[in-house]
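Here's the structure, in structure tokens; my notes come after.
The values are calculated or read from the model by the stated rules, or taken from the named source; none is laboratory data. Just so you know, these numbers come straight off a predicted model, no measurement behind them. Cβ coordinates were reconstructed from backbone atoms using ideal geometry, including for glycine residues, and neighbour counts include every protein chain displayed. For the accessible areas, the whole protein counts, side chains as well, though only heavy atoms, and no ligand, DNA or RNA atoms are used. Shrake-Rupley method; radii C 1.70, N 1.55, O 1.52, S 1.80 Å.
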Amino acid sequence: MIIHHPLLGPRDASEFVYKGDASLINRPDWQADNAPELFHDYLYLRDNPAGEHQELWYHEQGDRSWLVVTRNTLTHDITNVELARDVAFAKQANKSGRVEKSGRGKK
Amino acid sequence: MPDYTLTASTPLDGYSRDFVGVSIHEVNDRAIVSIAVPKHGERELAKLLTSSYQIELPKPGILSVASRDNVVLFNMAQDQYFLVFDYTGNTATSVVRNLLGDTAYLTDQSDSYVWVRISGTNSRCLLERICPLDIHPSVFPVGSVARTVMEHLGTTIIHDAEDSFLLLSARSSAHSFLEAIETSAANTEPVN
């Protein structure tokens, strides 16, 4: 399986480590009133889609970057790869109402 | 003061060997200083690199080179660079700090890595057996750099001249790394 790294180009999947569902980026607010419930859901509840899935991959044998990879679990087709940093910044910007300025994702 | 002095040895004790069409040499006259960029400090660092080394911050995968101390600068990770230059002393960071001051976080990596040069017309034949990347000059021309894995060992590969590649790997596994290279070199030689 080849992953098209947004900065480095096509790289073999053996250079990467799978780190789980990309929803792990959405860490709950630890000061919320219902924090225990939120963290329970964050840690234990996962979707298990037959189809498009967003997941975190770590480029351990490359530039040590974290990526958000959109992969089809039925066909293993990879349709989008973004730097997790860009995804996290875009989420922050959306939350605070600012315009997203990222867009280094590669199809 | 003790009445003895310690002399550092290189990871492969100056290894050098010629095979048919390819030579393998340990390089041991270069220092490596890791440069980590402080948050929002990239512009200031770029300015000092230009005024001191006449060198620019490189894009991922491309070497920046300058004549001063034969400096080479390349990207190792996001916000992290390796500065490589001619030096055989024990205080490489002080050399760089004199020029860059406190604009970056510096770490001496010289003794953490082994440098091996693969050169000769068969160098790509040797590397194609252990390197998962396409290193044909059409996609990996002279001046390219990439970090990947060879024989399960993290390796940075630099295409520094025609038919010449520099490999950078961890010092702790230097002999295992050399064994992989030697085996590959032997496999490229013609069978009698």
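Between the stretch B:157-190 and the stretch A:1-25, how far is it from one alpha carbon centroid to the other, in angstrom? Distance between centres, Cα-based: 26 Å. Of the residues B:Ser64, B:Ser51, B:Ser119, which exhibits the maximal mean-square fluctuation in a Gaussian network model of chain B defined by a 10 Å Cα contact cut-off? Highest fluctuation of the listed residues: B:Ser51.
Residues of the stretch A:46-62 with an amide N closer than 12 Å to a point placed 7 Å from the Cα of A:Ile25 along the Cα-to-Cβ direction: A:54-57.
Spin-label model, B:Thr5 to A:Asp33: label points 7 Å out along the Cα-to-beta-carbon direction sit 7.4 nm apart.
At most 16 other C-beta atoms within 10 Å and a DSSP loop state: those are the exposed GluC sites (Glu not before Pro) I care about. Give me the longest piece of chain B that has none. After excluding every exposed loop site, the longest remaining stretch is B:57-127. Solvent exposure of the protein assembly as shown amounts to 57 Å² per residue of accessible area, where only protein heavy atoms count and the probe is 1.4 Å.
Using a cut-off of under 11 Å, list every residue of the stretch A:6-25 whose amide N is near the label point 7 Å from the Cα of A:Glu52 along the Cα-to-beta-carbon line. Answer for this model: none. Note on A:Ser14 and B:Glu56: their simple-model spin labels are 3.6 nm apart, each label 7 Å out from Cα toward Cβ. Chains A and B together bury some 1100 Å² of accessible area, summed over both sides, with a 1.4 Å probe.
Would you compute the Debye intensity of the stretch A:2-103 from its alpha-carbon atoms alone, equal scatterers and no solvent, and pass along log10 I(q)/I(0) at q = 0.10, 0.17, 0.22, 0.24 Å⁻¹ to two decimals? Summing over Cα pairs of the stretch A:2-103 leads to -0.33, -0.88, -1.21, -1.29. The residues of the stretch B:136-174 occluded by other protein chains by 50 Å² or more of accessible area, set against the chain on its own, are B:Arg147; surface from heavy atoms, 1.4 Å probe.
Scaled against 2.2 N^0.38 Å for its residue count N, the alpha carbon radius of gyration of the protein assembly as shown is 1.17.
Among the chymotrypsin sites (Phe, Trp or Tyr not before Pro) found in the stretch A:1-95, those both in a DSSP coil and sparsely packed, with 10 or fewer other Cβ atoms within 10 Å of their Cβ, are A:Trp30.
So what is log10(I(q)/I(0)) for chain B at q = 0.13 1/Å, when the Debye sum runs over its Cα atoms only? After summing over all Cα pairs, the log10 values are -0.71. Here is the P(r) of the stretch B:30-110: all C-alpha pair distances, binned every 5 Å from 0, give 3, 17, 30, 31, 16, 3, 0 in whole percents. Within 10 Å of the Cβ of each residue in B:70-79, the mean number of Cβ atoms contributed by other protein chains is 2. Each 5 Å bin from zero holds the following percent of Cα-Cα pairs in the stretch B:89-133: 5, 17, 16, 13, 10, 9, 13, 13, 4.
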